[in-house]
1. Can you name every residue in the stretch B:13-49 that is among the small types (G, A, S) and within 16 Å of B:N64 (Cβ to Cβ)?
2. Which members of the stretch B:51-90 meet the condition of being within 21 Å of B:S28 (Cα to Cα) and basic (K, R)?
3. Hey, could you check the stretch B:82-103 for residues that are closer than 16 Å to A:Q104 by Cα and part of a loop (DSSP other than H, G, I, E, B) and say which is nearest to the other protein chains (Cβ to nearest Cβ)?
4. Just one of (1) farther than 20 Å from B:E79 by Cβ; (2) assigned to a strand (DSSP E or B); (3) touching a residue at least 60 places away in the same chain (Cβ under 8 Å) trips up B:L11, so point out which.
5. Within the stretch B:78-88, is even one residue farther than 24 Å from A:Y35 by Cα, out of contact with any Pro (no Cβ under 8 Å at 6 or more places or on another chain) and not acidic (D, E)?
6. Hey, can you tell me all the residues within the stretch B:72-94 that are surrounded by 20 or more Cβ atoms within 10 Å (Cβ to Cβ), over 11 Å from the mean Cα position of the chain (by Cα) and modelled with pLDDT under 95?
7. Report every pair of residues separated by at least 6 positions or lying on different chains whose Cβ atoms are under 9 Å apart, first residue within the stretch B:44-64 and away from chain A (no Cβ under 14 Å) and under 20 Å from B:F99 (Cβ atoms), second aliphatic (A, V, I, L, M) and not in a strand (DSSP E or B).
8. Could you tell me whether any residue of the stretch A:22-38 is out of contact with any Leu (no Cβ under 8 Å at 6 or more places or on another chain) and more than 16 Å from A:Y105 (Cα to Cα)?
Amino acid sequence: DVKVTQSSRYLVKRTGEKVFLECVQDMDHENMFWYRQDPGLGLRLIYFSYDVKMKEKGDIPEGYSVSREKKERFSLILESASTNQTSMYLCASSSRPGLEQETQYFGPGTRLLVL
Amino acid sequence: AQRVTQPEKLLSVFKGAPVELKCNYSYSGSPELFWYVQYSRQRLQLLLRHISRESIKGFTADLNKGETSFHLKKPFAQEEDSAMYYCALLNNAGNMLTFGGGTRLMVKP
């Protein structure tokens, strides 16, 4: 069974702080994703990675960066948190396109509050 | 650019009533569409995908290319169907999903 875990369920940070959100998957998936989930806006892709040390911008990358040093781990970094980054953050992973189980598996989410 | 629209933010029905959650898409390629569901306090999970042409938990969804729609249907809603539902479209490379804004389904007893 695919397991995607996120380091924190809830985080409270202050404006200007540097924030790290960690995601780990145990299925040897190539692709990993970070989304933010906001009411009425659905899920919006921030960044994704299709291989170690590779990253691609999603729809809303501004104010965020990512790191993928190991295949199983994908980190989202808020260099200087702002109140408009208060949101639920979801990590997901998937296998390479063309493989039978090509769907995204999601973590439980991290609810971030920036004061 | 690909786009997914779910026009209803909230859909409320009584138990046993039919339910239809609407999803429209815009995409220049051959679409591959999914429905994801998030029950209260659970993680987002795949409900069904159009290429499988399957019925999951009594739900079905038919791709209508003429109307660019992929509506989710169930003939008799159950209280345990209450959840947030997201329609999603896969890109041509097969590595990115675009999600709609989501529809919250409430099934009343």
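The values are calculated or read from the model by the stated rules, or taken from the named source; none is laboratory data. All values reported here derive from a predicted model rather than from experimental measurement. Cβ atoms come from the backbone with ideal geometry, glycine included; neighbour counts cover every protein chain shown.
1. Restricting attention to the stretch B:13-49, the residues satisfying the condition of being among the small types (G, A, S) are B:16-17, B:26, B:28-30, B:40.
Within the stretch B:13-49, B:S26, B:S30 meet the criteria.
2. Across the stretch B:51-90, the qualifying residue is only B:K65.
3. Within the stretch B:82-103, the first condition is being closer than 16 Å to A:Q104 by Cα, and the residues that meet it are B:85-100.
Those still in the list that are part of a loop (DSSP other than H, G, I, E, B) too: B:91-96, B:100.
Numbers: B:N91: 10, B:N92: 10, B:A93: 7, B:G94: 3, B:N95: 5, B:M96: 6, B:G100: 5 Å.
This residue is B:G94.
4. (1)
5. The first filter runs over the stretch B:78-88 and keeps only residues farther than 24 Å from A:Y35 by Cα, leaving B:78-81.
Now narrow it down to the ones that are out of contact with any Pro (no Cβ under 8 Å at 6 or more places or on another chain): B:78, B:80-81.
If we keep only those that are not acidic (D, E) as well, we get B:78.
The answer is yes; a qualifying residue exists.
6. Across the stretch B:72-94, the qualifying residue is only B:L90.
7. B:L63/B:I51
8. Yes, there is a match, as at least one residue in the stretch A:22-38 is out of contact with any Leu (no Cβ under 8 Å at 6 or more places or on another chain) and more than 16 Å from A:Y105 (Cα to Cα).
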